[in-house]
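Nothing in this text is a laboratory measurement; each read-out follows from the coordinates by a stated rule. This one's a predicted model, so the numbers in the text were calculated from it and none came from an experiment. All Cβ positions, glycine included, derive from the backbone under ideal geometry; neighbour counts span all protein chains shown.
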Amino acid sequence: MIKAIFFDFFGVINLAGELNIELADFVKANHDKYKFAVLSAAEMDLQSWLVAKGISQYFDIVQTTAGIGISKTAPEFFTIPLKKLNLQANEVLFIDDIETYILVADKLGFKVVLYDYNANLLDQIKIEV
């Protein structure tokens, strides 16, 4: 059973500088059902961006490679938020638009979706959630 959804930032939440409205609506509508996290290789302050877009309060964790000093290709990058949220990998759906990161999470036992911003978000995750 999925208890949390972890999203990448660039290419999933942030589409060419703009908020992915479909994703934001999903997070707002389901914040009482799932824990949400942002896991990103970004080197910018994602928290302030999320605050400016009015959705920061829906994310339990916002983690960047720059913030913790661990590459997104390292298994530890994914196990840290698991420990913080007291979750097992198979209880988490990880959504990213980069296959390299999807493969790392998949190997750890996460449910994964390689995100295609041209397709409907709910169509991509409905089987997994």
Among the residues of the range 26-43, the number that are out of contact with any helix residue (DSSP H, G or I) (no Cβ under 9 Å at 6 or more places or on another chain) and either within 20 Å of L114 (Cα to Cα) or among the acidic types (D, E) (or both) is 1
Screening I98, I125, I80 for residues that are surrounded by 13 or more Cβ atoms within 10 Å (Cβ to Cβ), of a type outside the set (D, E) and within 12 Å of D8 (Cα to Cα) leaves only I98
Of L82, L121, the only residue that is aliphatic (A, V, I, L, M) and touching a residue at least 60 places away in the same chain (Cβ under 8 Å) is L121
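If I ask for residues that are among the small types (G, A, S) and either assigned to a strand (DSSP E or B) or touching a strand residue (DSSP E or B) at 6+ places or on another chain (Cβ under 6 Å) (or both), which ones from the range 78-129 would you list? Let's see the steps before the verdict.
Of the range 78-129, the ones among the small types (G, A, S) are 89, 105, 109, 119.
A105, the sole residue that qualifies.
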Residue pairs within 6 Å by beta carbon, gap of at least six or interchain, first lying in the range 25-42 and within 22 Å of I70 (Cα to Cα), second buried (at least 21 other Cβ atoms within 10 Å of the Cβ) and of a type in the set (D, E, K, R), listed first then second, are S40/D8
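Can you pull out every residue in the range 85-94 that is of a type outside the set (V, I, T) and in contact (Cβ under 8 Å) with a residue 40 or more places away in the chain?
L85, L87, E91, L93, F94
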